[in-house]
Structures are given as C-alpha cells and as structure tokens.
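Read through the structure below, which is laid out as structure tokens, and then see the notes.
Coordinate-derived values only; no laboratory data. Since this is a predicted model, take the numbers as computed values, not measurements. Cβ placement follows ideal geometry from the backbone for every residue including glycine, while neighbour counts extend to all protein chains displayed.
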Amino acid sequence: MNAWTFEGQPDALRDTITLVEGSSFCLSQRCGDIVPGGAQGVYHSDTRLLSRWSLRVDDHPVEPLHVLPAEPYHATFVGKTPPRPGQPESTLLVVRDRYVGGGLREDLVVRNLSQEAAGCVITLHVDSDVADLFEVKADRIRPVADVEMTPRDTGLEVFSALRERGARIVVEPAGTPMVPAPGLLTFQVVVPARGEWRTTLEVNPIVQGTELSAWFPAAHSTEHAEPARRLAEWTRNGPRLTSSNTGLLQVMNRSREDLGSLRLFDPDHPDDPPAVAAGAPWYMTLFGRDSLLTSWMALPLDQSLALGTLRRLARLQGTKVDPLSEEEPGKILHELRFGSQDGGSPYASQAYYGSVDATPLFVMLLGELSRWGLHIGAVGELLPHADAALGWIEDHGMADGLLWYRRKTDRGLLNQGWKDSFDGNTFSDGTIARPPIALAEAQGYVYAAYLARAHLAREQGDEVTKRRCVERAAAVRDVFNERFWLPDRGYYALGLDGQGRPIDSLGSNMGHCLWSGIVTEDRADQVAAHLLSPEMFTGYGVRTLASSMGAYNPMSYHNGSVWPHDNAIVAAGLMRYGYAEECRRVAAGLMDAAQAFGGRLPELFCGYGRDEFALPIPYPTSCSPQAWAAAAPIHLLRVLLRLDPWIQYGKLWVVPELPVGFGRVTIEDLQVGGSRITIEAYDGRPPVVSGLPPGIELLTEPRPPVGGGSRSDMASRDYGLAAQ
C-alpha cells in the first residue's frame, strides 16, 4: 500500500514506539526521546510538528528502563538518571506519561529516592522542521526557510508562515519555573527527599494559523478526554467475546483496541459515524481500498464503521475529469491527504484517485452492509453513489468486458491494485508487467459489485436494475474465466498486460477471486490446491507470490511476503467454496503468527517457511498498527463460524468450522437486524444462537448448492440470483 509514487520507507522502525489516535501519531525511541535525522516525530494531519523532543537531566540522557504500553494513544516511559555525585547508584527515577491525539501531552515526573533533596537542571531540547509526511517517508525533506521558534511566557511556539503550520508548546501548570529559549526549555528544580517534581507539557497543532484545542488538556483527567471516552464507548457498545482460547482473546482484544484508535471522525459532519484510517505510521488518513476492506472485515465488531467509511467516500466521490489527481466521475478515491501546500507529495491537501479496485469495493461493501439488516435508510441514500461507481466502471474503466488501469500522468501510481509497488505484477520469469493491466481480483470485485447491486435492486422491487446487473455480472464472469484461466498450469493468471497476455505468475490474487465468487466450481479444486501448496503456504500464511516464481523474494513487499489481510480474504474464499480444512489451516497459521507478534498482526511479514524458521520473521518497515491487519482476526473468526447474515431474505447462517482444539467461543451482543444476538460455538458441537430478530430463520447447515455439482454454498446464492 505505497502512497502515490513514494515507494521507499525510512530505515527500520522496529525499535521505535508508535502511539496513534485518529490523524495523529508519534514515533519515538524507547526512552521517549524523539531524535532528528530519521522518521521519528510527532505528526498531525500529515505534518511533522516536532522533529526533536529530547530530555536531559543535568545534561545527561535518561537511561530507559521499560515502556509500559496502555491504550494505542498512551504509553509510559520509565527511566533513570546516572548516579548523583557521591551516590553509588541512581536515585532519580524519570517517568514520562505520554498521550498522543491532536498533538501531544506529556506528564513529566522526576522522583527522588534519596534521603537528601536533589538540585537538578532539566532541559528539553525541541525542534521542528514542519515537514510534510511524504517528505519524511521518502527521506527527501526540503528545509523550510521560514520556520521560526519563538519563546513565550508559557513555553515555545514554532511556526512556518509558508506552510501555515506549526505548534505551540505549553508548560503546565502556569507559573512553573521555566526558562524558554529557541529550541530549549530549561527547568531548575529541587526534588524533595523521597518526593517528586512534576509538570505537564502540551503540544498543540497550529493549522492555517489557528491553534487547535488539546485533545488531552492538562486541566482535565485523561480518563475524561475525548479519545479516552470514545475508546471506552467503542469497547462498551461492541460485542463481547469470551473463550477458553486465551490466545484468541489476546489477539481479538488487540484488534479491537487498534481499530478503535484508527477511527477517523469528520469535524464537518460530527453526527456521522467514523471512517477508518489505513494505519500507522504512514497511512493515518482515509484510503479507499484499505478503509473499505477494513470496515468490511470489522462488520461483526461494528457495522457503523462501514457506514461512516461509505459516507465519507461518497462525499469525496469523483465528479470531474482531472488527469493530475486521476479523478473521474463516479470514481472512489485512493487516498486523502492534508499535507502542506508545497510539501513533497504531488497531491498534498487533496484526494488522489489512482485505484482500480476501490470503486467496485464501495458497491460491494454497501451490499454487504445491507445484508446485516442495519442502517437500511442510509443504504438507500447511498444507492445513487453506488450507481455512479458502476457508471465509472462502465464508462471509464472497462474495455473488452474487463476492468483495466493505467495511470494518467507520470506522477501517479504505476500499479493501482493492492500490490501497488513498482514490481507488484510480474510474469513467471520475473519480468515486470507494464500497464495497462487488468487484474484478476479486480474482475472478481466487479462481478461481486454487480451482484450486490442486483440484491439491493431486488429489495426495492427494481426488476429492471436487478436483471441488468445480473446480466453484466455473468458477462464479466464469463470473460474472466475465458481469458485468465491457464489450463496448462491449473490456476488463474495475476492479470493481463496491455497486449492481452496473461501475467502467468502464481500468486494470492486468485484467493480474492474465490472470495468474490467469480471462480467456476470446476476449477476451484485446483485453485485451492495451489494456494495450500508448499510453494504458496508458509505454515503461517499464504505468500503473495509462489516461491517457484522468478520474482520471488520472501523479504520483498509484494513478491513473496505474507499479508494478514490478504490471508483473511483467501481464507474466506476457501470457506466460500466449501474448503473448510484448507481454510482452517490458513486461519490457524495466521493466528499463530499473531501470537508470535505479541497479539498484534503487522501489515506484513517475511514469507519464509515455518519449516525454515520456528517463528515468523518480521518485515523491517512493516506498519503497525495497520487497519486491515487489525481487522483480519475479526474476519477470520467470522469465517470460521460461517456467520452469514442475509437479513433481507429473513435468514442467518451459523455453521461453525472451528479447528480441532480451538475451544469454546461465545459472542454476546452481536448486532444483527436491529437485535443483539448471542452465538455459542464449540468445535465439534452444533452452535447455540439466541436473541434472533423476529422473522429471522437460523440455518445451521450450509445451503444446498444450486444447479448441482457445486461445493459452494455462499456462491450458490449468487448463482441462484443469476438464475432468477
């Protein structure tokens, strides 16, 4: 998920501490210091507010002891100073309690464990380059000539008139002994014997010349701050999971917490539910593809996240033709940014639309949200946007019955599917495929989008639209299966290049095709076998590219690595076509990887086999927390439960396929059709479901296939619609 044309990332972030809340985040050392020269800093709305934040006691750095993680936006850094004169051991403990959101709040405490008062000079070195996020990410920072740091009675103020951005650093409480100077705050203090000295520092963003209010103001308890109240409400109102599987609980709790911190609230529409950012550190903004897939996978946790994402994307849907931003009427954006007007990004402070798959995914998610039986009125309000999206597919994206992409200028993304690095699409000999390209998974998304719109039309009694969408879905499915299938290989090509040649590498893309239902049943056996083959399956997950391919590199971004969200989709596709055992293997491997990473799945990890290394090998610059990685375990649990609501048809399927030894799973207060239900599942036993909405039939056996010979219970429902 590289943003626009910037595919590099700064050096390894694995030893940094990341705190995140909404569009704000902080990267620091384990001692709490932010040091210049790399990616560390305090960021808000795609601007680095602070590039240095280094604490010294008597001109000595603080030695880190431990980092105590709490909420995603909060951590406590515990350290010590060198021994005082005449003391054999350190007697000063330094605690930095940090909260990130709309800037930063840091509660600084120095505790004296000695029986004698300690006189200290505490200095905080501060700097800011007011750099655009993309400048930092690409390691191409352009110095801003007019950045000024001005001492104030309350602290410091840094500001760039050219970029209209900066920050005000406020020392609380008022009257704290402090000497401000450009780049330096100095405190001369006496820490009582067996006592402590404390102060609070606020860093408030200045955007377009206006200082923003602190999200964690020093005058109030942090428990009552807006981010804390939102996270508490998110936890309180969502479903409750209990299980005898402690590893599952650890992973799911981490996922819930991370997704809560990545929610984006639109200040211009305060009554709307939130959308979701793609992830930290580089993607703390709205992404079309990422936000849509994340909110899809998070549906069992919170359906309003999907609604908020759909509404936000609908407001930003393309209305005109603009080659620079790649906007076209009906197109759903790739990415929204808020950087400085002269920053390193070619599309700073605006939307960029270079994505081939966000538009059909928008229609798919709207249809999926409808199936849960919530927000019915809102779904109807969004139908014109779904029709505009399908209009873009037909008028601007399709040729020869397939959806293609090619960037409009040399400033756009070369590849515009989810594997969007420059070498994300290669032939089996390693040759890079050049656009225009028709991706396999994008055709599946178009197929599913048409069927989703057909179901929505059926609900409204719109027979004309239903029939038209069914016919177009069938046409896409026919062309796809004719042109992408490689009979001598037994799998689907990654895509077609501009000359119509199949891009013949073996990759995970065809797992997405299972998920969308575009694969014909007679080929599903071979597809499933390839996905679980030694060339593809590492034991922890399915590789993006098979080890037998010319471009394979287990340490690459898209050519052999393992992506959790990709695997959650593959697992769902396997289960959709009835390959329960194969699905369980993928799900179990990914959950093992999650526990190896401390409960939090990263954006991706290296594609080495489990037989080669006992633990998954981290990808050095993987983003964490990453939204669709955080949502992947939630989707996996839904897939293993075969939880499939079709409330508009009066049915709810719950057909658990839990792995042996998975343990008991109970989900309470799961919102379905306006009611809160409870699901109890135990491997090898029938599920128990209570609290169903009136008129909803519970089905605990897969739906019989339509047309005979099909192993696909979910896909058969699509085919059943097509047959009407």
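Past the 29 angstrom mark, what percentage of all C-alpha to C-alpha distances in region 17-218 do you count?
Numbers: 4382 of 20301 pairs.
Roughly 22 percent, once rounded to a whole number.
Helix-only mean residue ellipticity at 222 nm, the chain, DSSP H runs n ≥ 4 weighted -39,500 (n - 2.57), per residue, nearest 500. What is it? Write out the running numbers ahead of the final one.
Working: 15 runs with 204 residues, N = 724.
Estimated from H runs of four or more residues: -9000 deg cm²/dmol.
Quote to one decimal, in nm, the extra length available between ASP611 and ARG198 on full extension: 0.36 nm per residue of separation minus the C-alpha distance between them.
Working: separation 413, 0.36 × 413 = 148.68 nm, distance 5.20 nm.
Contour length minus the Cα-Cα distance gives 143.5 nm.
Any chance you could tell me what percent of the C-alpha pair distances in region 266-344 go past 17 Å? Provide the component values of the computation, followed by the final result.
On the way: 1560 of 3081 pairs.
Cα-Cα pairs in region 266-344 separated by more than 17 Å: 51 percent.
7 Å from Cα along Cα→Cβ at both HIS66 and ASP462: what's the point-to-point distance in nm?
A separation of 5.9 nm, rounded to one decimal place.
Starting from the Cα of THR246, move 7 Å in the Cα-to-Cβ direction to define the label point; list residues of region 643-668 whose amide nitrogen is under 18 Å from there.
661-666
GLU701 to PHE265: extension gain in nm, 0.36 nm per residue of separation minus the Cα-Cα distance?
Working: separation 436, 0.36 × 436 = 156.96 nm, distance 4.02 nm.
Full extension from GLU701 to PHE265 adds 152.9 nm.
What is the distance in Å between the Cα centres of region 217-256 and region 57-127?
Answer, in whole Å: 28.
What translational D, rounded to a whole number of µm²/s, comes out for region 568-663 from Stokes-Einstein when the hydrodynamic radius is the Kirkwood one over Cα pairs, at 20 °C and 1.002 mPa s?
Working: Rh = 14.5 Å.
Translational D for this selection: 148 µm²/s.
The list (i) 14, 43, 37, 6, 0; (ii) 18, 50, 27, 6, 0; (iii) 14, 28, 19, 14, 13, 9, 3, 1 gives values of P(r) over Cα pairs in 20 Å bins from 0, in percent, and only one came from this structure; which label was calculated from it?
(ii)
Which parts of region 12-41 would a label at ALA232 reach, counting a residue when its backbone N lies under 16 Å from a point 7 Å out along Cα-to-Cβ?
none
Can you list the equivalent-ellipsoid semi-axes of region 229-361, largest first and in whole Å, using the square root of 5 times each Cα gyration tensor eigenvalue? It would help to have the intermediate numbers written out before the result.
On the way: eigenvalues 184, 44, 39 Å².
Three semi-axes, in Å: 30, 15, 14.
Kirkwood hydrodynamic radius of region 425-566 from all distinct Cα pairs, in Å? Each step should come with its number before you reach the end.
Numbers: mean 1/r = 0.0633 Å⁻¹.
For region 425-566, the Kirkwood estimate is 15.8 Å.
Would you calculate the separation in nanometres between label points at VAL35 and THR76, each defined as 7 Å from the Cα along the Cα-to-beta-carbon direction?
2.6 nm
Checking understanding here: applying a Kyte-Doolittle mean of at least -1.0 and a length along the axis of at least 27 Å (C-alpha), which whole DSSP H helices in the chain pass?
Membrane-span-like by this rule: 440-460, 463-483.
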